[in-house]
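Here the structure is laid out as structure tokens; the discussion comes afterwards.
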Amino acid sequence: MIAMVTAVNEAENVIPISAKNSIGAEASEWIVVMQNGDASPEMQAAFAAWYNKSDKNREAYDERATLWRDFDAVELLGDIAESNQSRQLLREDVRLARWGTIGRRAAMAGIAASFALLIGLAQFSDIIPAPWREQNTYETLVGEQKTVKLADGSTVNLNTDSKMKVAFSHGARNITLERGEAYFEVYPDKARPFSVHAGERVVRAVGTAFAVRRLGEEKVSVTVTKGRVALFSGEDRSTESLDQEGAAPEPLAELDAGSRAVFDKAVEEVEAVEPEKIATKLAWRGGVLAFSGEKLSTVVDEMGRYTGMKIDIASPEYADMTISGYMKIGAYEDMFEALELMAGLKVARVSRDHVVLTNADEG
């Protein structure tokens, strides 16, 4: 069994990290199991047998249980995870992924009727802004998130180090995501489909919610939380061919709520994603990074993406550690402290923007 070094608060485990087998690591793993509150009778019996096996086991468990409760950085992570904003976002994402648009159709019908009236009035008055007339560029710095309300009523959450251009016309709503990641909640308008362009890749929707992330120059990741989107790729999927009535080519694939895909000129992978996992992936909208069993190598890559720091893992055996928990965006010092204290890692600072993680026992 892989032992776990784990940071917990009194209510839940916050950061489990795989490590080498030791009494201390086993004690930390048992802390996770017992403080989650859902241990089976068999698991409770197994814990009692382990705890009473030796004085060293008891001392290791009691010492760590006290340490984790008193560790300020971990308490901070727990507070972030329990914040009202984070919980609201997570609940909404889970609800959308599970239930789609059921229960919202009647309300949306009324909104759509009002919106149609507004468009009609706009044809005769310059006082009312036409929702198809928008030409803007929006951008975020490293570590910054921004919420943008578009002219048509759609909302965009722009993630760290991202840039998008908005080009709305009478017949089309086009977004160009030049870099980074964005989450789109699209106002439904069948007459003007909503298209997100990422290089030659296009994600098209009518009224839905989804995230698009550019993975380098070519690949694009798409996660759908509500409704359905279509994926296009290639030069013949250009803006012009997509916007001409009847000229749009067949999509590479169509994704429903609760699914994720990575595609380039072809769809490379498609997977159904549990609602809780989708919520974790999109927790950045609430100002936190959430990890659920990701490898340490993935976690430090994400930390670098939000901080601009270069974080190297000098000890290869630690790259596959798994981490689950929340970290406030920008609070990387808390994460470093947790890794040092609970995973036996040493944080060596090469420069202000360069950190190397090594085995604390080496050197």
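The values are calculated or read from the model by the stated rules, or taken from the named source; none is laboratory data. Only a predicted model underlies this, so the values are computations on that prediction, with no experimental measurement involved. We place every Cβ from the backbone using ideal geometry, glycine too, and count neighbours over all the protein chains shown.
Key figures for this structure:
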{"quantity": "Residue check for residue 312: of a type outside the set (Val, Ile, Thr), in a strand (DSSP E or B) and over 13 Å from the mean Cα position of the chain (by Cα)", "calculated": "yes"}
{"quantity": "Pairs, first in contact (Cβ under 8 Å) with a residue 40 or more places away in the chain in the range 336-350, second assigned to a helix (DSSP H, G or I), C-beta under 6 Å, six or more apart", "calculated": "337/73; 338/73"}
{"quantity": "Residue check for residue 334: of a type in the set (Asp, Glu), within 30 Å of residue 260 (Cα to Cα) and not in a strand (DSSP E or B)", "calculated": "no"}
{"quantity": "Tally, over the range 318-335, of residues that are of a type in the set (Asp, Glu) and touching a residue at least 40 places away in the same chain (Cβ under 8 Å)", "calculated": "2"}
{"quantity": "Filter result for residue 306 (of a type outside the set (Lys, Arg), within 24 Å of residue 280 (Cβ to Cβ) and modelled with pLDDT of 85 or more)", "calculated": "yes"}
{"quantity": "Hits in the range 265-284 (condition: crowded, with 18+ Cβ neighbours inside 10 Å and over 21 Å from residue 342 (Cβ atoms))", "calculated": "273, 275, 277, 278, 279, 281, 282, 283, 284"}
{"quantity": "Failed condition for residue 288, given (1) among the β-branched types (Val, Ile, Thr); (2) touching a Gly at 6+ places or on another chain (Cβ under 6 Å); (3) modelled with pLDDT of 85 or more", "calculated": "(2)"}
{"quantity": "Cross-chain or 6+ apart pairs with Cβ under 8 Å, the range 263-287 first and within 15 Å of residue 211 (Cβ to Cβ) and among the acidic types (Asp, Glu), then outside any helix (DSSP H, G or I) and at pLDDT 90 or above", "calculated": "271/259; 271/260; 271/261"}
{"quantity": "Set 302, 294: member being within 30 Å of residue 230 (Cα to Cα), in contact (Cβ under 8 Å) with a residue 24 or more places away in the chain and either in a loop (DSSP other than H, G, I, E, B) or not assigned by TED's automatic domain parsing to the domain that holds residue 208 (or both)", "calculated": "294"}
